[in-house]
Every structure is written in structure tokens, then in C-alpha cells.
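Shown next, in C-alpha cells, is the structure this report addresses.
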Amino acid sequence: MALEMTMQCVDNLLEKYVNEDIFIIIVDNKSPNGSGTELQKYYENNKQVKVILHDKNDGFARGNNVGFDYLKQNFDIDFMIVMNNDVIIEQKSFFYKISEIYQNYNFDVLGPDIYESEIYKHQNPIGHKPLDNKQCEQKIKEIKKILKKETYNFYKYKILHYAIYIWAKPLIKLILPSIYKKIVNKNNDKKNINGITIVDEKQQIAQENVVLNGACYIFSKRFINNRKYAFHPGTFMYIEEQIITLQCQKDGYKILYHPNVKIKHLCGISSKKVHGNKKLIFMWKQHLKSLNVYMNIYNEYENKYTTCKTSTK
């Protein structure tokens, strides 16, 4: 866990929304640098914050489920926001907007407009429907090829990754900031009312049953009360967004993206701290494992649907 980033995220909430009835859970997934213990000491006198020191690094889904379960068992919650520690909420009307949107749409899962400041890009939604069987199989084949047969291509990709993102990108950003903005943002002439670049015009309208970015989810009471967990516990990291979308669509929960709630995403600080850019193989292996979990869940729903359809004849 990036200690400073987490403090910035939490302190921002406490300072900006001092009059709101909020309670904050920080789940430390057994950070190797002891930052969880430091956070526990830092917030020990704050009644609005609780730090949970998890006994092992359980990954994204199970780590978030720890916080989800604690809040569900100890509070009567209207809305639960599950977000990364590299997310900053600056919108003063953020909580009011959530309630307003709920009154109009009665959502179960809400995704905000996520602006990634590093690359000047809006990140939600990330897709209009979850993977189907063929798409999942194709992705599994591609990753297996990277891991088993395309060693040369993998290392070539890693070298390019270092060359572009580790060396060239920071230099260009530092020395030639105006050129950097043009490189990462081809639509610089399109502005919304806040002056932030818009990549896709569809991102400025509400959309239902889309795949939401995992940096921030907002759950309403029905989802919280009816679900045993927020995220399927079978993955360590990756593909959680696809899984939760599939489950919600199949189980009758409404997913909504709405641009009237806004957050800033500071771009994957925690993940880079823990795994580092040198461990891309780890990333691909986790992708592969999670895709297999997704495939199993997908097939379970397909079999369930086929059985129900057959039994009604």
C-alpha cells in the first residue's frame, strides 16, 4: 500500500466532507513495508476511520470483500463506495449527486466519470458488455502464447514498455510538456464544462449495463444486503470488472454509469509499488487465472439458463 497516497485519499474525504455522515474503512492487504500499522496509528483517534490489518495479501477482490463485509455487518448503509487508494474525490456535491441519481435510476451499482490525470483521459465505461465465451477463449489463447511460446515477443514488449513509459515518457513530460499533452491526447480540442478533455462523447451520457472501471464502485442498499460479497473471491487481480458485470446482468442487478458523479484517478500507484514493472509475467499469469475463473462463471450461468429453459418445456 502506498502510504502517502492512502493518507491523501482519506484525508481529502475527511476534510472536504466534514458535514457528511461517512465512515471509512482502510483494508491493508498485509503490505510488506508495514504501512498498515502506520495508518492504524495515524487514524487511531479518528472515529470515522477504521484500519483493518488483513493477515495476508489476498488480492483486489478478497481484500475489498473484507471491507465490504465489515461495513455490512456493523452499519445500516445506504451507499457503499469501494475505491482504490489512488482515487481523489474533489466534487463538493459528490454524495448529493449519488442520492439524486439513485432517485432517478434506482441503480444497484454505479460508476462515476473517472478522469485519469496522468494521460488526460476519461476511463468509464471500459466496455458496453462483458466478454462472451469466444472472446474469453481468444484472450486465454493469446496470453498462453505470450507465456509459453512467445518469450521473445514478451521481452521485446517489456523493453518497449521500459523505453516508452519509464524513460521517454517522463523526459518528454518534463522537458516538453506541451508536446506530451498532444501525444497522449489526440482530442485536445474537445472540452467539457470543466475544461477536461473528452475522449468519447458517449461518456457524457448515462449508460446502463456497461462494464465499469474497477477504480471506484458505488453500491446501493439492495446490492449490499443481497450479496454475500462485493467481488467474486476466486481471483487475485484482473478481470474483476468483467465478472461483476456478468453476475449483475445475469442476477438482475442494475449497473449504471453516470457522468454527473466525478473522481480523479492518479493511475495505479499501489499496484506499481507492490509488483513493479519488472514483474509483467506475474501480471499475465494473474490475467490467465482470472480469465479461467471468468470462463467457469460464464459456463455456470449458461448451464443454469439451459437447464431452466429445458425444464419449462
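The values are calculated or read from the model by the stated rules, or taken from the named source; none is laboratory data. Because the structure is a prediction, the values reported are computed rather than measured. No Cβ is skipped: glycine too gets one built from the backbone with ideal geometry, and neighbour counts run over all protein chains shown. Areas reflect the complete protein model, heavy atoms only, side chains present, ligands, DNA and RNA absent. Shrake-Rupley method; radii C 1.70, N 1.55, O 1.52, S 1.80 Å.
Calculated accessible area for segment 2-41 comes out at 54 Å² per residue, all protein chains present (probe 1.4 Å; ligands, DNA, RNA ignored).
Annotation: per residue accessible area for segment 201-263 equals 35 Å², rounded to a whole number [probe 1.4 Å, protein chains only].
Counting protein heavy atoms only, segment 29-120 has 43 percent of its accessible area on carbon and sulfur, 1.4 angstrom probe.
Given the peptides 133-144, 30-41, arrange them by the average over their residues of other C-beta atoms within 10 Å, most packed first.
The packing order, highest mean first, is 30-41, 133-144.
With 30 Å as the limit on Cα-Cα distance, the pairs of Lys145/Lys228; Lys30/Lys285; Lys144/Lys250; Lys72/Lys254 that go past it are Lys145/Lys228.
Each residue was assigned an accessible area with a 1.4 Å probe, and for Ser99 the value is about 50 Å².
Working ranking of peptides 66-73, 258-265 by packing, defined as the average number of other Cβ atoms within 10 Å per residue, highest first, is 258-265, 66-73. Sorting 89-96, 213-220 by average packing, meaning the other beta carbons within 10 Å per residue, from highest down gives 213-220, 89-96.
In terms of its C-alpha gyration tensor, segment 1-144 comes out oblate, because a/c is 1.5 or above while a/b does not outweigh b/c. Once the chain from Val18 to Gln135 is taken as fully extended at 0.36 nm per residue, the excess over their C-alpha distance is 37.5 nm.
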